[in-house]
1. Quick one: the Cα spread of the chain along its three principal axes, in angstroms, biggest first?
2. Could you tell me what a quarter of the Cα convex hull surface of the range 69-128 works out to, in nm² with one decimal place?
3. What are the membrane-span-like helices in the chain by this rule: whole DSSP H runs, Cα extent along the axis at least 18 Å, mean Kyte-Doolittle hydropathy at least 1.6?
4. Evaluate the distance, in nm, between pseudo-label points positioned 7 Å from the Cα of VAL262 and of ASP42 along their respective Cα→Cβ axes.
5. Highest mean first, how do 165-175, 32-42, 149-159 rank when packing is the count of other Cβ atoms within 10 Å averaged over residues?
6. Kirkwood hydrodynamic radius, the range 163-279, all distinct C-alpha pairs: what's the number in Å?
7. Per DSSP helix of 4 or more residues, -39500 (n - 2.57); summed, then divided by the residues of the chain. What does that give at 222 nm, rounded to the nearest 500?
8. With a cut-off of at most 16 other beta carbons within 10 Å, and DSSP calling the residue loop, which trypsin sites (Lys or Arg not before Pro) in the range 1-91 qualify? Please list them.
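The values are calculated or read from the model by the stated rules, or taken from the named source; none is laboratory data. It should be emphasised that the depicted structure is a prediction, and the values quoted were computed from it without experimental measurement. A quick note on method: Cβ atoms are made from the backbone with ideal geometry, for glycine too, and the neighbour counts reach across all protein chains shown. We work out accessible area using only protein heavy atoms, side chains counted, and drop any ligands, DNA or RNA first. Shrake-Rupley method; radii C 1.70, N 1.55, O 1.52, S 1.80 Å.
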Amino acid sequence: MDFLTDYKIPIGHWARDLFQWLQVHGGWFFDALANIMGSLIDGFLWVLQEPPEIVVVLVLAAIAWWIQKSWKMALFVVLGFAFIINQGYWEETTESLTLVISACLVCMAIGVPIGIVAAHRPNFYKVLQPILDLMQTLPSFVYLIPAIVFFGIGMVPGLLATVVFVLPAPIRLTHLGVSSTPMPLLEAADSFGATAWQKLLKVELPYALPQIMTGLNQAIMLSLSMVVVAALVGADGLGVPVVRALNQVNTALGFESGFIIVVVAIMLDRVLHIGGSRR
């Protein structure tokens, strides 16, 4: 079996050469992308950190009530953020929320249209599937290497790595929702003379909405799971104290910051959980 090792396929060298070529010829693109992502991050950080903490908490509680129409959910959000402020993690939490919100906006803006196209073009989805499988199964730490190569360290490479890791979820779930629209509904729309756009906007997307919202929920949870990984490339947020606790073998700091991440995850999951029963 020595001949197998003697003729190793140079996958690593190909990847290195590709990244070097992109660095040389695509620098203008990556600089523009970094500026856009940086502006998005700075905007959300300003919104979450500039006003007084109590104002931001009340606004987030009002959003929770508007989504769930439940005063209990709004109270839960207030208590959750009160606990976070009590523990002294408000700044880190807002930084992590900025990363999560930015990643979800980018992923939904890209993933939903791709999912719609894939639902209407089965051959396109067959080509797309192995790419999505690669994006989901490749270890998340691997994404940090090209992120550092193209963007250095900071919040922008953390956001890029998070987007690549999270993007398959909204694509797959949007495709599932749109492609599972019952044929009788589509035939009824055709019988009334609906155009392709009208069928999409008035039949397919409303039917697929629960799946799309599930995709958003999954995107948020996956983004939050990346906060520790993003901290390794200089991204601020709740991942920083976790990494610090790991380096110092600090059990108290590790459990404290880890529990804050759990609280944020539970709040986001409960607030954005929308009943998906179709009628």
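1. Largest first, the chain extends 67, 66, 41 Å along its Cα principal axes.
2. Average projection, Cα convex hull of the range 69-128: 6.4 nm².
3. Qualifying helices, which must be both long enough and hydrophobic enough, are 53-68, 251-271.
4. Rounded to a tenth, the inter-label distance reads 3.8 nm.
5. So the order, starting with the most tightly packed, is 165-175, 149-159, 32-42.
6. This gives a value of 16.8 Å.
7. The per-residue figure over the chain is -26000 deg cm²/dmol.
8. Sites meeting the loop and neighbour criteria: LYS8, LYS69.
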